[in-house]
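Trainee: Would you mind keeping the following structure in view while I ask a few things?
The values are calculated or read from the model by the stated rules, or taken from the named source; none is laboratory data. Not measured: the values here are computed from a predicted model. Glycine also receives a Cβ, built like all others from the backbone with ideal geometry; neighbour counts cover every protein chain displayed. For the accessible areas, the whole protein counts, side chains as well, though only heavy atoms, and no ligand, DNA or RNA atoms are used. Shrake-Rupley method; radii C 1.70, N 1.55, O 1.52, S 1.80 Å.
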Amino acid sequence: MARNIQSLERAAAMLRLLAGGERRLGLSDIASALGLAKGTAHGILRTLQQEGFVEQDEASGRYQLGAELLRLGTTYLDVHELRARALVWTDDLARSSGESVYLGVLHHHGVLIVHHVFRPDDSRQVLEIGAMQPLHSTALGKVLSAYDPVAHSEAVEADRKAFTDRTVCDLEGFERILDLTRARGYASDVEETWEGVASIAAPIHDRRRMPVGAVGITGAVERVCPQGELRPELIAAVRDCARAVSRDLGARRF
């Protein structure tokens, strides 16, 4: 049987202890409650503090859970609720559009695919849940960058790589695309990330009207964008799906 790593067990116990009370705890309280030497407890707390999982009050020196841990917990809940609310609507979108459907959220300076519905045909396809997409060139990424201030900052500060000769990399051009995205309520990617591939995406909002993700379709250029123009019915279908998921998350006026 594999042996547990003692330092990780102690760190987990420390986080549970801090999560279990309403007040901040001092070093002595933590060490005593967990049966640890003060030096050992302090070393673990210092590491957790460096990672943002624990915070120390400057005035009292006491410890509490940090913002990073709380953010991770909120993200976990938000993503799982988002996926649960989107399941039916993304299935419907795949059937009506005939294309693959992706649900994405902001994660580590990119778009994390958290749900993927295969194109409803008999072609061989690869599940892309867990894949990362760039913010500046994909339809999902542009939507997040247009509506989420954090995503916007990350896209602006990033090294915007050219994937094809159609990729918009300069900041002024990128900002114009984001303005257009906000004005239209959707974003597109026509061979800006992958040759021969086009995408359409729209934003999903929660009950606080905060952007929590984006949903979109992806397919061959000749199907999504015949004669160089996005098919209006596909744009409408993607926007309708985004509105439906937003309504299920409690958003109003969608």
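Trainee: Do we have ARG124 as in contact with a Cys (Cβ under 8 Å, 6 or more places away or on another chain) and closer than 23 Å to GLU191 by Cα here?
Mentor: No, not satisfied.
Trainee: Next question, about the same structure. Among the residues of the range 116-130, which ones are in contact (Cβ under 8 Å) with a residue 24 or more places away in the chain and not β-branched (Val, Ile, Thr)?
Mentor: PHE118, ARG119, PRO120, GLN125, GLU128
Trainee: Then there is this: Just for the range 77-99: of the residues that are open to solvent by 10 Å² or more (accessible area, probe 1.4 Å), touching a residue at least 12 places away in the same chain (Cβ under 8 Å) and hydrophobic (A, V, I, L, M, F, W, C), which one is farthest from ALA244 (Cα to Cα)?
Mentor: VAL79
Trainee: Additional query: Taking the residues in the range 34-70 that are buried (at least 16 other Cβ atoms within 10 Å of the Cβ) and of a type in the set (Gly, Ala, Ser) as candidates, determine which candidate is farthest from ARG10 (Cα to Cα).
Mentor: Looking at residues that are buried (at least 16 other Cβ atoms within 10 Å of the Cβ) and of a type in the set (Gly, Ala, Ser), I get GLY66.
Trainee: When you scan the range 119-134, how many residues do you find that are within 19 Å of CYS169 (Cα to Cα) and part of a loop (DSSP other than H, G, I, E, B)?
Mentor: 1
Trainee: Considering only residues that are closer than 13 Å to TYR63 by Cβ and either under 32 Å from the mean Cα position of the chain (by Cα) or small (Gly, Ala, Ser) (or both), which ones fall in the range 23-42?
Mentor: ARG23, ARG24, GLY26, SER28, ALA31, ALA33, ALA41
Trainee: Examine the range 209-232 for a residue that is open to solvent by 50 Å² or more (accessible area, probe 1.4 Å) and under 22 Å from the mean Cα position of the chain (by Cα), and state whether such a residue exists.
Mentor: To start, the set of residues in the range 209-232 that are open to solvent by 50 Å² or more (accessible area, probe 1.4 Å) comprises 209-210, 222-223, 227-229, 231-232.
Adding the requirement that they be under 22 Å from the mean Cα position of the chain (by Cα) leaves 209-210.
Yes, because at least one residue in the range 209-232 is open to solvent by 50 Å² or more (accessible area, probe 1.4 Å) and under 22 Å from the mean Cα position of the chain (by Cα).
Trainee: Taking the conditions exactly as written (of a type in the set (S, T, N, Q) and within 19 Å of ALA201 (Cα to Cα)), does SER137 satisfy them or not?
Mentor: Yes; evaluated as a whole, the condition is true for this residue.
Trainee: Looking only at the range 177-208, filter to residues that are of a type in the set (S, T, N, Q) and within 21 Å of ARG243 (Cβ to Cβ); which one of those is surrounded by the most Cβ atoms within 10 Å (Cβ to Cβ)? Even if it seems obvious, please write down each step before you answer.
Mentor: Looking only at the range 177-208, we keep the residues that are of a type in the set (S, T, N, Q), and these are 181, 188, 193, 199.
Applying the additional criterion that residues be within 21 Å of ARG243 (Cβ to Cβ) yields 181, 188, 199.
Values: THR181: 22, SER188: 24, SER199: 30.
Step by step, filter the range 177-208, then rank; the result is SER199.
Trainee: Which condition number in (1) of a type outside the set (Lys, Arg); (2) in contact (Cβ under 8 Å) with a residue 40 or more places away in the chain; (3) not in a loop (DSSP other than H, G, I, E, B) is the one that SER137 fails?
Mentor: Single failed check for SER137: (3).
Trainee: Hey, any hits in the range 100-118 for a residue that's under 28 Å from ARG223 (Cα atoms), part of a loop (DSSP other than H, G, I, E, B) and open to solvent by 80 Å² or more (accessible area, probe 1.4 Å)?
Mentor: Within the range 100-118, one or more residues are under 28 Å from ARG223 (Cα atoms), part of a loop (DSSP other than H, G, I, E, B) and open to solvent by 80 Å² or more (accessible area, probe 1.4 Å).
Trainee: Based on this model, can you work out whether ASP148 counts as among the acidic types (Asp, Glu), touching a strand residue (DSSP E or B) at 6+ places or on another chain (Cβ under 9 Å) and buried (at least 17 other Cβ atoms within 10 Å of the Cβ)?
Mentor: Working: among the acidic types (Asp, Glu): yes; touching a strand residue (DSSP E or B) at 6+ places or on another chain (Cβ under 9 Å): yes; buried (at least 17 other Cβ atoms within 10 Å of the Cβ): yes.
Criteria met by ASP148.
Trainee: Given the criteria among the hydroxyl-bearing types (Ser, Thr, Tyr), modelled with pLDDT under 90 and over 17 Å from THR90 (Cβ atoms), does SER123 qualify? Step through it out loud before you land on a result.
Mentor: Numbers: among the hydroxyl-bearing types (Ser, Thr, Tyr): yes; modelled with pLDDT under 90: yes; over 17 Å from THR90 (Cβ atoms): yes.
Answer is yes for this residue.
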